[in-house]
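J.: Structure below; questions to follow.
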Amino acid sequence: MADLISRLLGKLSSRVINPTDTDEQKLHKTLLIFACGLMGFAAMLWLAIYHAMGIKYSATVPLIYLVVSTTTLGIYLWKLNFELFRFAQTSLYLFVPFIMQWSIGSYVTSSGVMLWALLAPIGVMIFQGPKESVPWFFAYIVMTAVSGFFDYYLAYGAERQTGLPLQTIAVFFVLNFAAMSTIVYLLVVYFVREKDRLKRVLDEEHRLLVVEQERSERLLLNVLPKHVAQRLKENPTAVLADGLADCTVMFADLTDFTGLVEGMPPREMVAMLNDVFSWFDQLAENYGLEKIKTIGDAYMVAGGLLDENDNYTASIADMAIEIRSKISARKTRAGESLGMHIGIGTGPVVAGVIGARKFIYDLWGNTVNVASRLSTEATTGGILVDTATYRRLRGLYQFEGPEPLTVKGQRQLTSYRLITKLP
């Protein structure tokens with residue numbers, strides 16, 4: 001029986017539910033159709049009971065209700081005007097029980113049938129909200145008060161007028177209270193179950209949204225430093241630019257990259273670069289540094305962009321030494337060892353985000369140019385640093401030099417060769 005009702009509700013719902021309806025609107029439509037069916041079943045049950053008891057006059061009211069209710073449902077399925085259907089059904093729930101009571105006689109002789117009218121304000125509260133239910137509840141109270149005021153006069157000689165013995169009235173009291181309670185209970189159960197189902201759906205959608213947000217966050221943090229990503233989320237149209245008074249920049253280039261990959265299949269070349277630079281990424285994270293970008297076979301990393309690592313120049317030096325000491329262990333498929341030449345510069349830079357699509361976080365300034373030039377001038381396995389870096393690290397690391405360099409675009413540049421960290 002439950003499966004039959006569920007299938008019937010499903011067919012009716014598929015007719016009246018619009019693809020643009022919210023989950024709450026879908027719930028309201030199916031719930032009202034369900035209530036209409038329950039009330040129709042109750043009306044048919046009352047008709048059967050009245051017919052079995054030979055009561056003719058009172059059976060007219062539930063019969064009229066059944067016809068009108070079915071008609072409004074048919075019009076709704078045809079016109080799909082939910083507001084009209086809701087108003088019509090609510091009006092029937094409010095007025096028909098009182099008409100039924102008045103046709104029988106009084107509250108006592110009708111066995112409290114007017115209680116069914118309470119479904120009207122309850123239904124409006126569910127479908128439209130507490131504020132909208134107030135006029136309906138007020139109408140229910142007024143009609144109840146009027147019925148009570150005239151109850152004494154209507155009840156006079158009621159048993160003689162209706163032909164209903166007190167035992168029958170008692171039976172109908174039980175039936176009315178039981179049926180009314182059952183319908184309210186079933187509607188509330190259906191409503192709560194659907195609400196729970198919608199909550200589960202919303203919870204799952206929220207979980208997927210959180211997962212997607214976390215995924216987007218990770219993707220954004222793969223492109224931008226954390227503090228820059230946060231500023232971009234807070235103001236997507238802002239120009240993000242910072243002048244940093246002190247920053248250490250390192251460029252690490254693969255030695256003879258062109259000759260190394262000559263004749264190498266594209267997939268193998270990309271796999272090799274990905275392997276090397278992914279290792280660099282992990283080193284940068286371990287040392288609390290910020291990867292800036294890769295340019296061909298060159299890897300650019302910087303320290304001093306964040307406040308978390310105060311000793312960023314030493315961290316850059318440690319990363320450079322680790323790269324130099326371990327890069328030779330990585331070989332191509334042909335068995336050739338890899339080599340690096342590294343340049344490090346320290347000083348002021350400008351940092352910012354450029355581009356509307358495929359945007360990039362980059363650094364500009366003389367410090368960047370110096371680090372790049374030193375990387376170019378360094379020999380395989382060599383780590384060249386500028387004077388500012390040397391002054392900051394001397395006494396902690398072993399250096400050779402100074403070595404004067406003549407670099408295009410610079411005055412004579414003094415460099416130092418970083419050998420190792422002192423014990």
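The values are calculated or read from the model by the stated rules, or taken from the named source; none is laboratory data. Note that the coordinates shown come from a computational prediction; the quantities given were computed from them, not determined experimentally. Cβ atoms come from the backbone with ideal geometry, glycine included; neighbour counts cover every protein chain shown.
J.: Checking the conditions here, which among LEU283, LEU305, LEU273 is touching a strand residue (DSSP E or B) at 6+ places or on another chain (Cβ under 6 Å) and either assigned to a helix (DSSP H, G or I) or touching a residue at least 60 places away in the same chain (Cβ under 8 Å) (or both)?
T.: LEU305
J.: Give the range 347-376 a look and list any residue that's under 17 Å from ILE321 (Cα atoms) and in contact with a Ser or Thr (Cβ under 9 Å, 6 or more places away or on another chain), or say none.
T.: ALA371, LEU374
Let's see how each residue does on (1) at pLDDT 90 or above; (2) crowded, with 17+ Cβ neighbours inside 10 Å; (3) touching a Leu at 6+ places or on another chain (Cβ under 7 Å):
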{"position": "LEU363", "(1), (2), (3)": "no, yes, no"}
{"position": "THR367", "(1), (2), (3)": "yes, yes, no"}
{"position": "ALA371", "(1), (2), (3)": "yes, yes, no"}
{"position": "THR380", "(1), (2), (3)": "no, no, no"}
{"position": "THR387", "(1), (2), (3)": "yes, yes, no"}
{"position": "GLN398", "(1), (2), (3)": "yes, no, yes"}
{"position": "ARG417", "(1), (2), (3)": "yes, yes, yes"}
{"position": "LEU422", "(1), (2), (3)": "no, no, yes"}
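J.: Anything in the range 381-396 that is touching a residue at least 12 places away in the same chain (Cβ under 8 Å) and more than 51 Å from the chain's Cα centre (by Cα)? List them, or say none.
T.: Correct list: THR387, GLY395.
J.: In the list ASP310, ASP253, ASP246, which residue meets the criterion of being within 19 Å of THR380 (Cβ to Cβ) and outside any helix (DSSP H, G or I)?
T.: Only one candidate qualifies: ASP253.
J.: Right, GLY10: exposed (fewer than 15 other Cβ atoms within 10 Å of the Cβ), over 35 Å from the mean Cα position of the chain (by Cα) and modelled with pLDDT under 75 or not?
T.: Here the answer is no, as GLY10 does not meet what is asked.
J.: May I ask you to say which residue of SER337, SER375, SER315 is polar (S, T, N, Q), at pLDDT below 90 and under 28 Å from ILE419 (Cβ atoms)?
T.: On inspection, the qualifying residue turns out to be SER337.
J.: How about the range 28-144: which helices (runs of 4 or more DSSP H) wholly inside it have at least 2 residues that are more than 25 Å from GLU194 (Cα to Cα) and at pLDDT 75 or above?
T.: 60-79, 82-104
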